[in-house]
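A.B. asks: Below is the structure I would like to discuss, written out as C-alpha coordinates.
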Amino acid sequence: MRVVILGSGRGSNAAAILAAQQSGALGRARVVQIFSDQPAAGILALGARFGVPASFVDPAPFKTKLEGEGETRFIAAVRDAQADLVVLAGFMRVLKPGFLNAFAGKIINLHPSLLPSFPGLDGIGQAWRRRVKITGCTVHYVTPEVDGGPILDQTAVCIEAGDTLESLTEKIHAAEHALLPVVIARLSESR
Ligand code: GAR
(Lines give C-alpha, C1' and ligand atoms only; values in the text may rest on other atoms or scores of the structure.)
Protein backbone atom coordinates (compact mmCIF):
# COMPACT_ATOMS: atom_id res chain seq x y z
CA MET A 1 0.00 0.00 0.00
CA ARG A 2 1.60 3.22 -1.21
CA VAL A 3 1.20 5.97 1.38
CA VAL A 4 1.52 9.70 0.71
CA ILE A 5 1.76 11.97 3.78
CA LEU A 6 0.55 15.58 3.67
CA GLY A 7 1.59 17.92 6.48
CA SER A 8 2.09 21.57 7.32
CA GLY A 9 4.10 21.49 10.53
CA ARG A 10 6.97 19.89 12.38
CA GLY A 11 6.05 16.39 11.26
CA SER A 12 6.33 14.45 14.51
CA ASN A 13 3.51 12.15 13.37
CA ALA A 14 5.11 11.61 9.99
CA ALA A 15 8.32 10.74 11.87
CA ALA A 16 6.38 8.20 13.97
CA ILE A 17 4.98 6.61 10.79
CA LEU A 18 8.44 6.43 9.21
CA ALA A 19 9.99 5.01 12.39
CA ALA A 20 7.28 2.34 12.45
CA GLN A 21 8.07 1.53 8.84
CA GLN A 22 11.79 1.20 9.66
CA SER A 23 11.07 -1.18 12.51
CA GLY A 24 8.72 -3.30 10.41
CA ALA A 25 5.59 -2.16 12.26
CA LEU A 26 3.74 -0.56 9.35
CA GLY A 27 2.28 -3.75 7.91
CA ARG A 28 2.16 -3.74 4.12
CA ALA A 29 2.24 0.05 3.97
CA ARG A 30 5.16 2.01 2.54
CA VAL A 31 5.57 5.78 2.63
CA VAL A 32 6.45 6.84 -0.91
CA GLN A 33 6.22 10.62 -0.66
CA ILE A 34 5.77 13.56 1.71
CA PHE A 35 4.19 16.81 0.50
CA SER A 36 3.82 20.07 2.39
CA ASP A 37 1.96 23.29 1.68
CA GLN A 38 4.57 25.18 3.77
CA PRO A 39 8.03 25.56 2.18
CA ALA A 40 9.85 25.72 5.54
CA ALA A 41 7.88 23.01 7.38
CA GLY A 42 9.89 20.64 9.57
CA ILE A 43 8.07 17.71 7.97
CA LEU A 44 10.05 18.27 4.75
CA ALA A 45 13.35 17.62 6.55
CA LEU A 46 12.17 14.08 7.32
CA GLY A 47 12.63 13.19 3.68
CA ALA A 48 16.42 13.27 3.92
CA ARG A 49 16.39 11.64 7.37
CA PHE A 50 14.31 8.65 6.28
CA GLY A 51 15.18 8.49 2.59
CA VAL A 52 11.73 9.42 1.32
CA PRO A 53 11.11 12.10 -1.33
CA ALA A 54 9.67 15.23 0.28
CA SER A 55 8.63 18.41 -1.45
CA PHE A 56 6.70 21.64 -1.18
CA VAL A 57 3.65 21.97 -3.38
CA ASP A 58 2.36 25.50 -3.89
CA PRO A 59 -1.15 25.69 -2.38
CA ALA A 60 -1.98 29.22 -3.70
CA PRO A 61 -4.26 31.10 -4.08
CA PHE A 62 -6.09 30.37 -0.80
CA LYS A 63 -4.80 30.54 2.78
CA THR A 64 -6.87 27.99 4.69
CA LYS A 65 -8.39 25.75 2.04
CA LEU A 66 -7.13 23.76 -0.93
CA GLU A 67 -9.06 24.83 -3.98
CA GLY A 68 -8.40 26.19 -7.47
CA GLU A 69 -4.88 25.99 -8.89
CA GLY A 70 -3.31 24.80 -5.64
CA GLU A 71 -5.79 21.94 -5.47
CA THR A 72 -4.98 21.01 -9.06
CA ARG A 73 -1.25 20.94 -8.24
CA PHE A 74 -1.81 18.74 -5.18
CA ILE A 75 -4.06 16.35 -7.11
CA ALA A 76 -1.41 15.97 -9.81
CA ALA A 77 1.39 15.43 -7.27
CA VAL A 78 -0.51 12.79 -5.28
CA ARG A 79 -1.61 11.06 -8.52
CA ASP A 80 1.99 10.97 -9.75
CA ALA A 81 2.98 9.29 -6.48
CA GLN A 82 0.32 6.61 -7.17
CA ALA A 83 -1.07 6.87 -3.68
CA ASP A 84 -3.26 4.10 -2.31
CA LEU A 85 -3.66 6.02 0.95
CA VAL A 86 -3.32 9.75 1.69
CA VAL A 87 -2.52 10.49 5.33
CA LEU A 88 -3.16 14.01 6.63
CA ALA A 89 -0.64 14.36 9.47
CA GLY A 90 -1.09 17.95 10.58
CA PHE A 91 -2.19 19.22 7.15
CA MET A 92 -3.82 22.49 8.15
CA ARG A 93 -6.06 23.11 5.14
CA VAL A 94 -9.65 22.24 4.41
CA LEU A 95 -9.94 19.83 1.48
CA LYS A 96 -12.61 20.51 -1.10
CA PRO A 97 -14.58 18.13 -3.39
CA GLY A 98 -12.00 18.26 -6.20
CA PHE A 99 -9.31 16.60 -4.08
CA LEU A 100 -11.75 14.48 -2.06
CA ASN A 101 -13.33 13.00 -5.19
CA ALA A 102 -9.94 12.37 -6.82
CA PHE A 103 -8.97 10.09 -3.90
CA ALA A 104 -12.40 9.04 -2.65
CA GLY A 105 -12.26 6.70 0.33
CA LYS A 106 -8.47 6.89 0.46
CA ILE A 107 -7.87 9.92 2.68
CA ILE A 108 -7.48 9.71 6.46
CA ASN A 109 -6.88 12.48 8.99
CA LEU A 110 -5.45 12.69 12.48
CA HIS A 111 -7.18 15.05 14.90
CA PRO A 112 -6.11 15.92 18.47
CA SER A 113 -9.43 15.38 20.26
CA LEU A 114 -12.03 12.68 20.72
CA LEU A 115 -14.27 13.58 17.79
CA PRO A 116 -17.06 14.55 17.45
CA SER A 117 -15.98 16.77 20.37
CA PHE A 118 -13.76 19.75 19.57
CA PRO A 119 -13.44 19.66 15.76
CA GLY A 120 -11.57 22.38 13.88
CA LEU A 121 -8.54 24.35 14.99
CA ASP A 122 -6.77 23.83 18.33
CA GLY A 123 -8.56 20.68 19.44
CA ILE A 124 -6.26 20.35 22.46
CA GLY A 125 -6.79 23.94 23.66
CA GLN A 126 -10.54 23.69 23.13
CA ALA A 127 -10.73 20.62 25.38
CA TRP A 128 -8.44 22.20 27.99
CA ARG A 129 -10.47 25.40 28.21
CA ARG A 130 -13.73 23.45 28.45
CA ARG A 131 -12.22 21.54 31.42
CA VAL A 132 -13.23 18.09 30.24
CA LYS A 133 -11.76 15.13 32.13
CA ILE A 134 -11.15 12.99 29.07
CA THR A 135 -9.97 13.99 25.63
CA GLY A 136 -7.63 12.23 23.20
CA CYS A 137 -7.00 11.75 19.51
CA THR A 138 -8.90 10.40 16.53
CA VAL A 139 -8.04 8.94 13.14
CA HIS A 140 -10.94 9.20 10.69
CA TYR A 141 -11.77 9.10 7.00
CA VAL A 142 -12.00 12.54 5.42
CA THR A 143 -15.34 13.69 4.02
CA PRO A 144 -16.55 17.18 3.03
CA GLU A 145 -17.67 17.82 6.63
CA VAL A 146 -14.55 19.08 8.45
CA ASP A 147 -13.44 16.47 11.02
CA GLY A 148 -16.78 14.71 10.46
CA GLY A 149 -15.93 11.51 8.57
CA PRO A 150 -16.27 7.92 9.83
CA ILE A 151 -13.94 7.19 12.74
CA LEU A 152 -11.29 4.50 12.30
CA ASP A 153 -9.87 4.56 15.84
CA GLN A 154 -9.37 6.73 18.90
CA THR A 155 -7.21 6.87 22.01
CA ALA A 156 -8.55 8.48 25.18
CA VAL A 157 -6.29 10.66 27.31
CA CYS A 158 -7.26 11.64 30.87
CA ILE A 159 -6.72 15.16 32.14
CA GLU A 160 -5.47 14.73 35.68
CA ALA A 161 -4.93 17.08 38.58
CA GLY A 162 -1.57 18.72 38.02
CA ASP A 163 -1.81 18.62 34.24
CA THR A 164 -1.08 21.82 32.35
CA LEU A 165 -1.92 22.65 28.77
CA GLU A 166 1.70 21.76 27.98
CA SER A 167 1.61 18.37 29.72
CA LEU A 168 -1.75 17.57 28.10
CA THR A 169 -0.34 18.50 24.70
CA GLU A 170 2.58 16.12 25.27
CA LYS A 171 0.27 13.29 26.32
CA ILE A 172 -1.93 13.74 23.26
CA HIS A 173 1.03 13.84 20.93
CA ALA A 174 2.39 10.63 22.46
CA ALA A 175 -1.03 9.02 21.95
CA GLU A 176 -1.11 10.21 18.34
CA HIS A 177 2.36 8.84 17.63
CA ALA A 178 1.25 5.42 18.85
CA LEU A 179 -2.18 5.41 17.19
CA LEU A 180 -1.60 6.62 13.64
CA PRO A 181 0.98 3.98 12.57
CA VAL A 182 -1.23 1.22 14.01
CA VAL A 183 -4.24 2.41 12.00
CA ILE A 184 -2.18 2.60 8.81
CA ALA A 185 -0.77 -0.90 9.37
CA ARG A 186 -4.28 -2.23 10.00
CA LEU A 187 -5.63 -0.62 6.81
CA SER A 188 -2.74 -2.09 4.82
CA GLU A 189 -3.45 -5.59 6.11
CA SER A 190 -7.17 -5.38 5.39
CA ARG A 191 -6.88 -4.29 1.78
C1 GAR B 1 -1.16 16.89 15.41
O2 GAR B 1 -1.37 17.09 16.78
C3 GAR B 1 -2.47 16.69 14.68
O4 GAR B 1 -3.43 16.03 15.46
C5 GAR B 1 -2.88 18.11 14.41
O6 GAR B 1 -1.69 18.76 14.05
C7 GAR B 1 -0.61 18.17 14.77
C8 GAR B 1 0.52 17.90 13.81
O9 GAR B 1 1.70 17.66 14.50
N10 GAR B 1 -3.86 18.18 13.38
C11 GAR B 1 -4.91 18.99 13.41
O12 GAR B 1 -5.11 19.77 14.32
C13 GAR B 1 -5.84 18.89 12.23
N14 GAR B 1 -7.07 19.58 12.51
P15 GAR B 1 2.99 17.12 13.74
O16 GAR B 1 3.28 18.07 12.58
O17 GAR B 1 4.06 17.15 14.78
O18 GAR B 1 2.68 15.72 13.25
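A.B. asks: How big is the accessible area of GLU67 in square angstrom, nearest 10, if you roll a 1.4 angstrom probe over the protein chains?
C.D. replies: 60 Å²
A.B. asks: Would you work out what percent of the accessible area of the chain, with all protein chains in place, is carbon or sulfur (probe 1.4 Å)?
C.D. replies: After summing per-atom areas, the C and S share lands at 53 percent.
A.B. asks: Using amide H atoms built in the peptide plane, which far-off residues or other-chain residues are under 5 Å from GLY9 H to H?
C.D. replies: Under 5 Å from the amide H of GLY9: ILE43.
A.B. asks: For CYS137, what accessible surface area do you get with a 1.4 Å probe? Give it in Å², rounded to 10.
C.D. replies: Surface open to solvent at CYS137 totals about 0 Å².
A.B. asks: Which whole-Hz couplings ³J(HN,Hα) result when phi for each residue of segment 47-58 is put into the Karplus expression 6.51 cos²θ - 1.76 cosθ + 1.60, θ = phi - 60°, listed in order with x for Gly and Pro?
C.D. replies: Couplings: x, 5, 5, 10, x, 10, x, 9, 8, 7, 10, 5 Hz.
A.B. asks: Using every alpha carbon pair in segment 31-70, what percent of pairs falls into each 5 Å bin from 0 up to the bin containing the largest distance?
C.D. replies: Histogram of Cα-Cα distances, whole percents per bin: 6, 26, 26, 19, 13, 8, 2.
A.B. asks: Would you rank ILE124, ILE151 by solvent-accessible area, highest first, keeping every protein chain in place and using a 1.4 Å probe?
C.D. replies: Sorted by accessible area, descending: ILE151, ILE124.
A.B. asks: If you build the Cα gyration tensor of segment 104-147 and take the root of 5 times each eigenvalue, what three semi-axes come out, in whole angstrom, biggest first?
C.D. replies: Values for segment 104-147, descending: 22, 9, 7 Å.
A.B. asks: Restricting to bridges with both residues inside the chain, how much of the DSSP beta-bridge set is antiparallel, in percent to the nearest 5?
C.D. replies: 40 percent
A.B. asks: Is the C-alpha gyration tensor of segment 93-191 telling us rounded, prolate or oblate? Criteria: a/c under 1.5 is rounded; beyond that, a/b larger than b/c is prolate, otherwise oblate.
C.D. replies: Cα axes put segment 93-191 in the oblate bin.
A.B. asks: Counting only heavy atoms of the protein chains, get the accessible area per residue of segment 37-184 (1.4 Å probe) and round it to a whole Å² value.
C.D. replies: 50 Å²
A.B. asks: Could you grab the relative contact order for the chain? Cα pairs under 8 Å, six or more apart, rounded to a whole percent.
C.D. replies: Dividing the mean separation by the residue count of the chain yields 22 percent.
A.B. asks: Heavy atoms only, 1.4 Å probe, whole protein assembly: order VAL87, VAL182 by accessible area, highest first.
C.D. replies: VAL182, VAL87
A.B. asks: Let me ask something additional. Could you work out the Kirkwood radius for segment 25-108, taking every pair of different alpha carbons, averaging 1/r and inverting it, reported in Å?
C.D. replies: Across segment 25-108, the inverse of the average 1/r is 13.3 Å.
A.B. asks: Here is a further query. Each residue of segment 6-11 in turn: what ³J(HN,Hα) in whole Hz from Karplus with 6.51, -1.76, 1.60 and θ = phi - 60°, glycine and Pro shown as x?
C.D. replies: Those phi angles translate into 10, x, 10, x, 6, x Hz.
A.B. asks: Arrange the residues HIS177, HIS140 by how much accessible surface each exposes, largest first, with a 1.4 angstrom probe.
C.D. replies: Descending accessible area places them as HIS177, HIS140.
A.B. asks: Hey, another quick one. Over the chain, what portion of Cα pair distances is larger than 22 Å, expressed as a whole percent?
C.D. replies: 44 percent
A.B. asks: Could you order peptides 73-80, 16-23 by the average number of other Cβ atoms within 10 Å of their residues, highest first?
C.D. replies: 16-23, 73-80
A.B. asks: Here's a follow-up. Can you give the calculated 222 nm mean residue ellipticity of the chain, where each DSSP H run of n ≥ 4 adds -39,500 (n - 2.57) and the sum is split over every residue, rounded to the nearest 500 deg cm²/dmol?
C.D. replies: Rounded to the nearest 500, the figure is -10500 deg cm²/dmol.
A.B. asks: Taking the Cα centre of each part, how many Å lie between segment 126-144 and segment 171-191?
C.D. replies: Taking the Cα centre of segment 171-191 as reference, the centre of segment 126-144 is 16 Å away.
A.B. asks: For ASP80 and SER190, what does the FRET efficiency come to when R0 = 22 Å and r is the distance between their Cβ atoms, rounded to the nearest 0.05?
C.D. replies: Given R0 = 22 Å and the Cβ-Cβ separation, E is 0.25.
A.B. asks: Along the Cα→Cβ direction, 7 angstrom out, place labels at ILE134 and ARG2. What is the inter-label distance in nm?
C.D. replies: That separation, rounded to one decimal, is 4.1 nm.
A.B. asks: Next question. Which cross-chain or sequence-distant (5 or more) residues have an amide H under 5 Å from the amide H of ILE107, H modelled 1.01 Å from N in plane?
C.D. replies: Excluding prolines and chain starts, which carry no amide H, the hits are VAL86, VAL142.
A.B. asks: Under 27 Å between alpha carbons, and skipping anything fewer than 8 positions from LYS96 in its own chain: which lysines qualify?
C.D. replies: Leaving aside lysines fewer than 8 places away in the same chain, those within reach of LYS96 are LYS63, LYS65, LYS106.
The values are calculated or read from the model by the stated rules, or taken from the named source; none is laboratory data. Note that the structure is a prediction, hence the values are computed from the model and not measured. Because the Cβ atoms are built from the backbone with ideal geometry, glycine has one as well, and the counts that use them run over all protein chains shown. The accessibility values were calculated without ligands, DNA or RNA, using every heavy atom of the protein model including side chains. Shrake-Rupley method; radii C 1.70, N 1.55, O 1.52, S 1.80 Å.
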